[in-house]
Structure formats: structure tokens, C-alpha cells
Number of protein chains: 4
Amino acid sequence: MKKMIGISGSDGDDLSLTPSTLKIAEEVGYYVAKKGAVLVSGGRGGVMEAAARGAKKAQGLTIGIMPGSADEANSFIDIAIPTYVGYARNYLLVRSVDALIAIAGRWGTLNEISLALNIGKPTIIIRGSGGWADILADEGLLKKFEVRPYVASSAREAVELAVREI
Amino acid sequence: MKKMIGISGSDGDDLSLTPSTLKIAEEVGYYVAKKGAVLVSGGRGGVMEAAARGAKKAQGLTIGIMPGSADEANSFIDIAIPTYVGYARNYLLVRSVDALIAIAGRWGTLNEISLALNIGKPTIIIRGSGGWADILADEGLLKKFEVRPYVASSAREAVELAVREI
Amino acid sequence: MKKMIGISGSDGDDLSLTPSTLKIAEEVGYYVAKKGAVLVSGGRGGVMEAAARGAKKAQGLTIGIMPGSADEANSFIDIAIPTYVGYARNYLLVRSVDALIAIAGRWGTLNEISLALNIGKPTIIIRGSGGWADILADEGLLKKFEVRPYVASSAREAVELAVREI
Amino acid sequence: MKKMIGISGSDGDDLSLTPSTLKIAEEVGYYVAKKGAVLVSGGRGGVMEAAARGAKKAQGLTIGIMPGSADEANSFIDIAIPTYVGYARNYLLVRSVDALIAIAGRWGTLNEISLALNIGKPTIIIRGSGGWADILADEGLLKKFEVRPYVASSAREAVELAVREI
């Protein structure tokens, strides 16, 4: 069975997404594919699309767990799972993966990060990518909780941490 | 149709739950019932049980959206919805309510708060109750996001904010 | 905790629904309420609405597990659970109840009957109500399967069978 | 994006599964793969395993939408989606596919067939494979319903019907 690594991050309508954040996302996809794992995401734009594009550059396989129709999938998704359960698909995405990598993000990304930690799924956040990832990278904040994400400083390190955990 | 107000907070295994936090939870349940709304929760222990106990003191109706069997419901739950979908029930809980009040909490509570904000459900967090509620009550943090929860300083204020929104 | 009895049957757009079938549905709701159980349905029109109306005539409590918004609930629903998971709500409905009573019905009703039988939930179909209920009431057909629904000849008998099972 | 064809049928514990039925299932998987489509199933034994084995014989890609853990997947599944939502995964399976082929089957298979028809997904049942597929192949029964499955007489014909529809 194939190993699956998830990526969590904002859709394309997040105005705070920078070219640098999208570059990190693309690199995550690329390294996931290079490691022979399947890249799983929510299948839409922004971070999800950049990561899927990166995975395809390395001839990887990409799965999009869609909130609704497969028509919403970005053009780098090989296999769309059109759940039609709205954001309950976040749960399915987190359950599907062997490890989750989170980049930047708003409440939706935080929803996936918190769920992954809640069910004990290895979770890696990339420091310096902005949004919730950066807030959660704060050691003072994290030490309040027993269960914590890993913090990586680059796409490459994040994928290596993910692969080590699965 | 009855108005539904949700409560989100830790299960009884959260060692950081203080008597003071549980008292706030009980008051939330009490005031929700006094306002004639149904109290909806995840149906288990800790904050969920304290709130349901409070609601029953005011002759309210309590619903528990259970991750699994109805057997896990606390003894103050009138109607248990045994979903058998695990923590995907968090999504159902958030969808079910007209407003969500969050107290203290760990990753599971944050999962519900973030989801509620993501789908635009009125969300009230109680400052001073500990856990994620206190972290999110920080204005410096919240001003990074367009969509934000309301911050209340007491159970009574939280329920009044919730009722005003629904 | 309250006992919950579900009703499954066509929405109001089923042209084969007869006044007689709707009368049976209303009686089911009435007797469920008389027995002190909560009536659970999909919350919409047709059989669901008739049953909820019957339950309210006997001062019962009615829950509607909605595929989408609470706005779609019929006017006899006290508590709407707006799941926003589409027909995956059929699973939640079947899981929620202690027993399921099915009347007439098309593929959607069959979906709930088959799921109830698949998970071992007591299932009662009413013979003479039309649709799938009548097809399934055939003994020759049912003897092909190890797990079978109960067959009742009236609303009253169906509710009595349901109550006996829970 | 890849085309996805689903197969629905009994798990390995169905004592009425014959070698002939399993052969049909294997052929369905084989032809699905030959047509370049992804084979989607519930990922477990019996019909699901036979079909996945067939798909792998033709170098196809196989996805299993699991009720729980990926550990329950048969050994011919490439990508397991461990949903942890129990039989609510039937909904996800039906939503995921462009067309559904059903073989023999008990209540669980009927659950998937009825759901597929209810949401208007092209559905093909194979006559002569036993169980619910054979019951539904009866024209007298089907003419009672506006929405009907296609009836095929062989695995090859079923896959050709599925491909024509997608």
C-alpha cells in the first residue's frame, strides 16, 4: 500500500498567501513525490494547488479530498474524491494520511492541524510560512500542551520529518 | 423550531480543568436553558457534563452529539445522537448549533472553534477559562484574522452574546 | 435518556404517495409520541411531515436530521439537525434511532432500510403502504436473507414492535 | 483526472458467494483497469478483493474506501482511504465514482446500489451473480420505479456500460 502525506494550507482566496509561501508548498509536494509517497490535499487552489503542482513535477500521484464536486479540483489532481460532505472532508483528509504537513493557513488549516493532533497523527508545521503555522511554531505557546506538532524550517525538513514518522 | 446553542470544551480527562472552569461551564448550561435554547454538546464528561448539569438545573433540554455509542453520554443528556463517525461528529455539532460557546480546551476544542469560524457560525470564547479559549482571547493574535470569535468575560455575557446572534 | 424511533419514507415529491400512506405515517408519529419516544426523521415533506404532524398531535418531540439547512425542515420539527452532509445523513438517522419504521418508499427509503438491517438495528416495515415496504414484505424474497426486517400490518403494530425491541 | 469505477458486493463472510460470482468480480476489476479507469471499492474481502486482484492483473490502480483502519484493506489495494466513519463510507464510495457496478450482495450492497440510484449515479447490476443483483434484475420489479439501474449479463458488458456512461 502506498504511503500518504497530507498538506494543509489556505485556498487561493487567502490574500496573505505570498509567492514565498506558495514556493514552500510546491517544494513540499515535490519532495513528497520524490520520497515515493502520495500527496493528499483538499484539492483546491492556493497551497493545495502549489503542492500538487510540485508533486507532478516529480511524477508523483496526487489525491484531492474535495468538499463537493470533482469539478473544483485543481488541474494537478490525479484522483479527486468528491465527498459532498463540505468541511467534514477535513476529517477524512486527516484520517487518510500517514502524516500531515501544514503551511501558513487560516481557520480551515487550523481545523485540520488541531484534528490531526487530537487523533495523534504526526503533524509537522513549517515555521516562517505565515498564518497559523507561524503562531503555532511559538515554543511558549506549544509548551502549554502535552500533544504538539513538529516544527520544521523548510519544506525539505518537513517532508523528512514526515517520512521518518510513517 | 428550537434555538440551539453549543458548548465546546475538554472532556473529563483534561487535568488542567479547574473547578472554576467547570463552574463557568455549568453556568453556561444554566443560562442557555433559562433563555429557552437547547444545549448541544459532544455529550461526554468535563465541560460537556458540567454544562448539561447546569441546563438540567434550569429544566432545559440537552442534546449530546456522540462520537460513538449513546452509552458514552453523561447522565444529564436527554437526547443522545450516537453518530459512530468519531471526531467527524465535531463537524455535526458545529453545524447543528446557532451559536457556539467555547471554554478552555485543548486540540479538540480548538478543532470545533476553528471549524465554527471557518463556516461563519457565531462563536464566543470565554476569557479566563484557560486553555485555547485564553490563547484566542489575545487581541494581538486575533487581529491577524479577518474572521474572529467574540470574547466574553463570563458565562452570562457569553450566553447573552450567543442569544443576540441567533 | 429518551428513546428514539425513526421513520423512513418518501419526501413529498413522490407521486405514488397516497392519502392512505400518509395517514399510516401520521399514525406512526402519533403512537410513537404516545409511547413517550422521540420521533426522528429526515425532517422534510411527505411521510416525514405526516409522521411529525402525528407526533405533535400527541405532544411528542420531533427531530429532523436534515441533509442540509434547517430551513428545509417541515413545520412540525422541533429540533432540526442541519448536517450539511447530504444523504450521508441517512447513516446518521439510522444510527440515531433505537428502531426504524419504514413506510412505502423509493431508493432513498431503501437506502435507510438496508443500512438499518446491515448494522443490526431493529427495522419494521409496514405492509400495504406501497413502494419498497411492500416489495420487502414478500416472504419469498425475505427468506433469501439471514437478517430480516419485521413486517407489521398497521401503524399501531409497527410502533408496538419497535417499542418491544428497544 | 482519472475516471473512477466502483464495485459493490459482499465481503468474504457472505457464505452465498460462489467461485463463479468471484470470477465475475475479478473480471470486472480486470476490464476496469484495461479501460484505464481506477477501481474503487470498500477495500475488504470477497467481491472487493476479487475485483482488486483482477485490476492488478491488468496493472490498474485500486482504491479502497475503508470503514475504519487501512489495516483492513485487502492486499490488492494500492491506496486505502481509512475513513473511520463506519458504513457512512458507503456514501463516500458512491460519491467518489463515476459509475457503480454491483454484483450479488446483501443489505450492504443494496445500501450502495440504492444510494447510487438515489443520487443519480450510473448504476449497473450484473444479472446472474446472485443476491440483490439478481432480485433487482427483475423487470417486473424495476418498472415500479422511475429511476433504474442498468442490467448487464457479464462483467465485460457491465464495464462497457459503465464506460459509456462516464
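The values are calculated or read from the model by the stated rules, or taken from the named source; none is laboratory data. Just so you know, these numbers come straight off a predicted model, no measurement behind them. We place every Cβ from the backbone using ideal geometry, glycine too, and count neighbours over all the protein chains shown.
Flag: A:G68 matches the condition of being under 26 Å from A:I119 (Cα atoms), in a loop (DSSP other than H, G, I, E, B) and touching a helix residue (DSSP H, G or I) at 6+ places or on another chain (Cβ under 9 Å).
On the basis of being assigned to a loop (DSSP other than H, G, I, E, B), away from chain B (no Cβ under 12 Å) and within 18 Å of C:E160 (Cα to Cα), does C:G36 make the cut? So C:G36 passes the test.
Within region B:14-58, the set of residues being acidic (D, E) and at pLDDT 95 or above comprises B:E26, B:E27, B:E49.
Quick one: in region B:63-81, of everything that is among the polar types (S, T, N, Q) and farther than 26 Å from A:L92 by Cβ, which residue is nearest to the other protein chains (Cβ to nearest Cβ)? Across region B:63-81, the extreme among qualifying residues is B:S75. Selection of region B:136-166 for residues being under 24 Å from A:F145 (Cα atoms), aliphatic (A, V, I, L, M) and surrounded by fewer than 16 Cβ atoms within 10 Å (Cβ to Cβ) yields B:L141, B:L142. Checking each residue in region D:110-138 for being within 16 Å of D:A155 (Cβ to Cβ) and polar (S, T, N, Q) picks out D:T123, D:S129.
Look at region C:1-39 and say how many of its residues are aliphatic (A, V, I, L, M), in contact with a Ser or Thr (Cβ under 7 Å, 6 or more places away or on another chain) and within 20 Å of C:K121 (Cβ to Cβ). Residues flagged as aliphatic (A, V, I, L, M), in contact with a Ser or Thr (Cβ under 7 Å, 6 or more places away or on another chain) and within 20 Å of C:K121 (Cβ to Cβ) within region C:1-39 amount to 3.
The set of residues from region C:90-120 being hydroxyl-bearing (S, T, Y), in contact (Cβ under 8 Å) with a residue 60 or more places away in the chain and in contact with a helix residue (DSSP H, G or I) (Cβ under 8 Å, 6 or more places away or on another chain) comprises just one member, C:T109.
Residues of region D:17-31 include at least one that is closer than 24 Å to A:M4 by Cα and either surrounded by fewer than 24 Cβ atoms within 10 Å (Cβ to Cβ) or within 16 Å of the chain's Cα centre (by Cα) (or both). Given the criteria within 14 Å of chain A (Cβ to nearest Cβ), touching a helix residue (DSSP H, G or I) at 6+ places or on another chain (Cβ under 6 Å) and in a loop (DSSP other than H, G, I, E, B), does D:G60 qualify? So D:G60 fits the description; yes.
In summary, A:R89 fulfils each of the numbered conditions (1) surrounded by fewer than 24 Cβ atoms within 10 Å (Cβ to Cβ); (2) under 26 Å from D:K121 (Cα atoms) with the single exception of condition (1). Restricting attention to region D:42-57 and to residues that are in a loop (DSSP other than H, G, I, E, B) and crowded, with 24+ Cβ neighbours inside 10 Å, the residue that is nearest to the other protein chains (Cβ to nearest Cβ) turns out to be D:G43.
Applying a threshold of 8 Å to beta carbon distances and a minimum spacing of six or more residues, or different chains, the list of pairs starting in region A:64-78 at a residue that is of a type in the set (F, W, Y) and ending at one that is modelled with pLDDT of 95 or more reads A:F76/A:E49; A:F76/A:A52; A:F76/A:R53; A:F76/A:A55; A:F76/A:K56; A:F76/A:T62. Between A:R148, A:R106, the distinction of being under 23 Å from B:N118 (Cα atoms) and in contact with a Gly (Cβ under 7 Å, 6 or more places away or on another chain) belongs to A:R106 only. Among the numbered conditions (1) farther than 20 Å from C:E49 by Cβ; (2) surrounded by 16 or more Cβ atoms within 10 Å (Cβ to Cβ); (3) touching an Asp or Glu at 6+ places or on another chain (Cβ under 9 Å), the only one that C:G131 does not meet is (1). Pick from region B:1-16 the residues that are within 22 Å of A:V147 (Cα to Cα) and touching a residue at least 60 places away in the same chain (Cβ under 8 Å): which of them is surrounded by the fewest Cβ atoms within 10 Å (Cβ to Cβ)? Out of the qualifying residues, it is B:S16.
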